[in-house]
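Notes follow once the structure below has been shown.
The values are calculated or read from the model by the stated rules, or taken from the named source; none is laboratory data. Remember, it's a predicted structure, so these values are computed and weren't measured experimentally. Every residue, glycine among them, receives a Cβ derived from its backbone with ideal geometry; neighbour counts consider all protein chains shown. Calculation scope for accessible area: heavy atoms of the full protein, side chains included, ligands and nucleic acids excluded. Shrake-Rupley method; radii C 1.70, N 1.55, O 1.52, S 1.80 Å.
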4 protein chains.
Amino acid sequence: MTDTAVPLLTDLLASAPTNWGRWGDDDEVGALNSLTPERVVAAIACVRSGKVFTLSTVFGTGKDPVWPGRAQSQRYNTLDRGPFAAGKRESNPGGTQYADDFIAMFLQGATHYDGLGHVWYDDTLYNGFPAESTVGGLEKASVLPIAEHGVVGRGVLLDVARHLDKAVMDKGEAIDLETLLACADAQGVEITNGCILLVRTGLIGSYFHREPDEFYADYIEPGLTYSPELVEWFHDMEVASLATDTMANERTVHASGAAFVLHAALMRNLGITFCEILNLDALADDCAEDGQYDFLYAAAPLKVAQATGAPVNPLAIK
Amino acid sequence: MTDTAVPLLTDLLASAPTNWGRWGDDDEVGALNSLTPERVVAAIACVRSGKVFTLSTVFGTGKDPVWPGRAQSQRYNTLDRGPFAAGKRESNPGGTQYADDFIAMFLQGATHYDGLGHVWYDDTLYNGFPAESTVGGLEKASVLPIAEHGVVGRGVLLDVARHLDKAVMDKGEAIDLETLLACADAQGVEITNGCILLVRTGLIGSYFHREPDEFYADYIEPGLTYSPELVEWFHDMEVASLATDTMANERTVHASGAAFVLHAALMRNLGITFCEILNLDALADDCAEDGQYDFLYAAAPLKVAQATGAPVNPLAIK
Amino acid sequence: MTDTAVPLLTDLLASAPTNWGRWGDDDEVGALNSLTPERVVAAIACVRSGKVFTLSTVFGTGKDPVWPGRAQSQRYNTLDRGPFAAGKRESNPGGTQYADDFIAMFLQGATHYDGLGHVWYDDTLYNGFPAESTVGGLEKASVLPIAEHGVVGRGVLLDVARHLDKAVMDKGEAIDLETLLACADAQGVEITNGCILLVRTGLIGSYFHREPDEFYADYIEPGLTYSPELVEWFHDMEVASLATDTMANERTVHASGAAFVLHAALMRNLGITFCEILNLDALADDCAEDGQYDFLYAAAPLKVAQATGAPVNPLAIK
Amino acid sequence: MTDTAVPLLTDLLASAPTNWGRWGDDDEVGALNSLTPERVVAAIACVRSGKVFTLSTVFGTGKDPVWPGRAQSQRYNTLDRGPFAAGKRESNPGGTQYADDFIAMFLQGATHYDGLGHVWYDDTLYNGFPAESTVGGLEKASVLPIAEHGVVGRGVLLDVARHLDKAVMDKGEAIDLETLLACADAQGVEITNGCILLVRTGLIGSYFHREPDEFYADYIEPGLTYSPELVEWFHDMEVASLATDTMANERTVHASGAAFVLHAALMRNLGITFCEILNLDALADDCAEDGQYDFLYAAAPLKVAQATGAPVNPLAIK
């Protein structure tokens, strides 16, 4: 699929900023280091009314929004009332009975955090770890250190879809830095250093009422798109984590033809952890109503050893 | 396995309190209703230093602490640096490469929340839903409504193991109400209405350095044990959720011989959601050091439709 | 989905023949009892040239032909050269290394035998076993007794697609008894009592070069369709097993609107084991060429306890 | 685990015979090429009484005999009578209902054939294919070509356990060539060129009535053990396939300390396909009774693309 006209990331990002070494040679959580205890305490001030939002999608229904190539999750009961009713299993002493279940799924097949080693180029992961350390399981920069750390801080929602007066952004519609900042301005929310950025396109929420064929046809997601200015801004603002209601957190193909450039520039170079496939619709409605676009964001993916990513159900507490 | 000497729960709990109907006939989250916005706001006051703890266990290592009968989780890479290095797969345009993975696991095979319909007796789940509604998938009182709601409030750690001067409580060692309250007193922590109770036995932390054969031999977990007083106290205190570092949140067999009596009395009757298989050791060490045993507790299990339970990585923010 | 105009099988098959009790009240293999040692010895006579054909489809490619609602199989390496090359795993003493893998799949998600209890009506399985015995796992008439027994005898291929001068039969195209017998006549093959019947429509082979959307649109399979004469003929001929290159071995909806009528009449009533999703194209080409449409058929599905069905790779030896 | 005293296979097998190139540079089925049509026809002569034996183990029971490190298979119903009885699912038009199920398992976690690329040394698989071709899935010498080919020929059972007057051979008990030939002599069976050899130790059959702890303690399997003479004999006899009632088809550690030497000498060098984890007890009893130790052997593993191995239920027809 390599096209000679497509620039190599080694060229495109040759002078792009990195955070390698900034938090030590062994660091595996990257920009989460910006979530200092002081910032956690400060983020508490965003809690005013006590409203709680859970930001993941529902899965296990046979209609999970997954990236093409990943399979639908398969959840099955291994026990329930059935065998007891059929006389095939006895109650526990005293009379309790119970249900149990099993799942087979892609770890990135639902709302999830990526480990910083999920995507790389030039044979090298975030912080200089060798790409071969991913073989058979991520020895370095898996999602585990992120899960151990947790992602707690001031969350800011930038509801770009609403800012553009759209229910859902179009396929391949790009968000540049100017649009992002204009959205923040229009919302009247300040983006402070070390915050957790949530960008809403409406895409994932729309999945559940669209036909899969139409949804996946000519699949290019809307979202942020690479520019040197955008990357510098994320760097300067010390954005701790980027979460969106798309599967890949960026317009998946850049205008140059290069794919996943923000995965390269933000995740691999700057160590900014990505949280993907959120459903931000209910939170966005509430923010539009009360005008409060910041909140305490609290999320911790599952602690799966060596995993490329892990499911999570993030909380926004206003 | 039914022994005529073992009392039936229909008798043992004949006059025990229930919360059925209290929050409406359709309620599926039970005591989480006690986590009012006011209490969420009040819980914020527990955040003082900005320290964050993630309370789940690590899994996917081949040594997951699972209830006998549940299988170890199986996590495998579906893609990593290997196929790129072997020339079996091309990079994306621009040069990015990535890793991906898949897991097969019991939904209750790691730190998890139970749905309120996970355990029942007398053919009836929490709030009067029929047990047959569990067949093939929980139509009612699955973990999904809990995942949609989130569990956010004032958490209180009762480190009973430390209170008893033990690294780990003994097999089958029971915690009664008196011990629980003495522990709170000794710790100098107040248990307020509508809080989330975390009880530490040391069991799960010990799993990782014990031989499985020894750990599982004559397997009866230490923990809270049924008494009418204990149940009344949980009811009066409006405990919103019970989380422990054991697999079943209670001494699994009551002195009477009946099994899972607290699942029956607290979960099925009172609608108190259980969170199980936490690792509370690091949090407990910190609490012992700074003397602060309360914190903002923020947890949200995965939104798995119809599931009996779902994995979670709870946060404690001090 | 029940339509008042659709006849109930209890009516439609009220006077249809059954083999219940014929081989004992505990029998779980049904018409396989027709495969007597004498018939096995006789079938040997069909082996003339020593050609061997394997009749299952290839799966694990991401394009498995599965019945709508069943998921694609997921196969992944758990070990291969990668971790050895990356220095993450040491060779065995002496220097061997190895590869290993894992699969998650529907047991009926590839070429497979059904257990006789896979489909039923009127709350009753083959031989009178109660339908509730299927709950949680087939206690009776699972595929296991069939796997223990094996399916060995004289196989006869009826290449109906070729007989009709078609590469693939049309969606919903029905095969009646007359057509079936005319096909045998045209082929010059005798159908003897107690044989294993293979019926070719061309459907499964076509799957691999058709677009899934087109293949699954308005999905009604071509194949045998219910008539009292057809069922009587199967009964009289003591057909031991029916194998086809479709997913359901019959035109899935009968002209009356009733679904899976042959599953009811042949499998549930007569105990004729079904083998589904074969690829008969190479065998059929060979039979057309040498004019020999019979062979030693030897198949044994996997011995999966309590399973509704199990994968198999049947052999035809000419 | 490498011990300097352990010889490297590159040295130990430096002058050992190979079949590389013998059947072409692209050959992936190795010694199965010895199963010529003439030999298939000749093998038919072994069928005398029409008795059929199926040689795999039963699995999915929670007590599968698997190699240490492989997980137990997990089989679950995805549908059965339960949801119909509970009113959660409607019957098909006409009234049929059905059961369906799902499995997660190691492809080598039950009776199975290995692909010739399953084990290698010196970075090279059978026939000179590079070991890196295994990465992510076996591009060469997977089990698929074996499954496409089938394994049909004259089978010969050598019941070494019975020959040694043992129900089960001891842990680590070695079978050398002399013992093997003496067993054949005592049984009065001739080993002809191009046959399929079945060697019985009693191990797998014993698994089902032994405690797992005892069975797996100090786990070294009994079985054939490497000697230059043994390898030459397999080569000279053109043994097409080796099948045993153990998990690894050889005394897993050779006297020299090297592991899996016969995997190296027979599978990787000579291209002899291994079938493992058979249960030969019923067949052996019958052979002892009627004195006939040869039969038509017919087996075909599942056609799983790129798989290291695949389950199978081999047939012996006497």
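Of all the criteria given as (1) over 27 Å from residue D:138 (Cβ atoms); (2) touching a strand residue (DSSP E or B) at 6+ places or on another chain (Cβ under 7 Å), the one not satisfied by residue B:37 is (2).
Just so you know, in the stretch D:208-235 the residues that are in contact (Cβ under 8 Å) with a residue 24 or more places away in the chain and of a type in the set (A, V, I, L, M) include one that is nearest to residue D:250 (Cα to Cα), and it is D:224.
Apart from one condition, residue D:87 fits all of (1) within 8 Å of chain C (Cβ to nearest Cβ); (2) open to solvent by 30 Å² or more (accessible area, probe 1.4 Å); the exception is (1). Put simply, of D:189, D:160, D:151 the only residue that is among the β-branched types (Val, Ile, Thr), touching a Phe, Trp or Tyr at 6+ places or on another chain (Cβ under 6 Å) and modelled with pLDDT of 95 or more is D:189. Residues in the stretch C:113-139 that are over 19 Å from the mean Cα position of the chain (by Cα) and among the aromatic types (Phe, Trp, Tyr) were compared, and the one that is nearest to the other protein chains (Cβ to nearest Cβ) is C:121.
Just one of the listed residues (B:257, B:291) is more than 13 Å from chain A (Cβ to nearest Cβ), among the small types (Gly, Ala, Ser) and at positive phi, namely B:291.
Among the conditions (1) open to solvent by 60 Å² or more (accessible area, probe 1.4 Å); (2) under 13 Å from residue B:242 (Cβ atoms), residue B:178 misses just one, which is (2).
In the stretch B:96-103, the count of residues that are among the small types (Gly, Ala, Ser) and under 25 Å from the mean Cα position of the chain (by Cα) is zero.
The one condition from (1) charged (D, E, K, R); (2) over 19 Å from the mean Cα position of the chain (by Cα); (3) within 25 Å of residue A:300 (Cα to Cα) that residue B:236 does not meet is (3). Find the residue count for the stretch B:270-318, including only residues that are closer than 23 Å to residue B:194 by Cα and among the acidic types (Asp, Glu). Going through the stretch B:270-318 one residue at a time, the tally reaches 2. If you check C:109, C:128, C:82, C:137 for being on the phi > 0 side of the Ramachandran plot and either of a type in the set (A, V, I, L, M) or open to solvent by less than 20 Å² (accessible area, probe 1.4 Å) (or both), only one passes: C:137. Just one of the numbered conditions (1) part of a helix (DSSP H, G or I); (2) under 30 Å from residue D:90 (Cβ atoms) is not true of residue C:120: (1). If you go through the stretch C:21-65 and pick out every residue that is at positive phi and free of Cβ contacts under 8 Å to residues at least 24 places away in the same chain, you end up with 2.
Yes or no, residue by residue, for (1) within 28 Å of residue A:221 (Cβ to Cβ); (2) over 23 Å from the mean Cα position of the chain (by Cα); (3) not aliphatic (A, V, I, L, M):
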| residue | (1), (2), (3) |
| --- | --- |
| A:11 | yes, yes, yes |
| A:19 | yes, no, yes |
| A:24 | no, yes, yes |
| A:45 | no, yes, no |
| A:54 | yes, no, yes |
| A:66 | yes, no, no |
| A:82 | no, yes, yes |
| A:92 | no, yes, yes |
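Going by the structure shown, is residue A:78 touching a His at 6+ places or on another chain (Cβ under 9 Å) and closer than 30 Å to residue C:140 by Cβ? Spelling it out, it is not the case that residue A:78 is touching a His at 6+ places or on another chain (Cβ under 9 Å) and closer than 30 Å to residue C:140 by Cβ. Suppose we keep only residues that are more than 7 Å from chain B (Cβ to nearest Cβ) and under 21 Å from residue D:102 (Cα atoms) within the stretch A:48-65. Which one would you say is least open to solvent (accessible area, probe 1.4 Å)? Only one residue fits best here, namely A:64. Within the stretch C:264-318, the set of residues being among the polar types (S, T, N, Q) and either over 23 Å from residue C:128 (Cα atoms) or in contact with a Lys or Arg (Cβ under 9 Å, 6 or more places away or on another chain) (or both) comprises C:279, C:292, C:306, C:313.
So, residue D:199, is that one open to solvent by less than 50 Å² (accessible area, probe 1.4 Å), under 27 Å from residue D:110 (Cβ atoms) and part of a loop (DSSP other than H, G, I, E, B) or not? In short, no.
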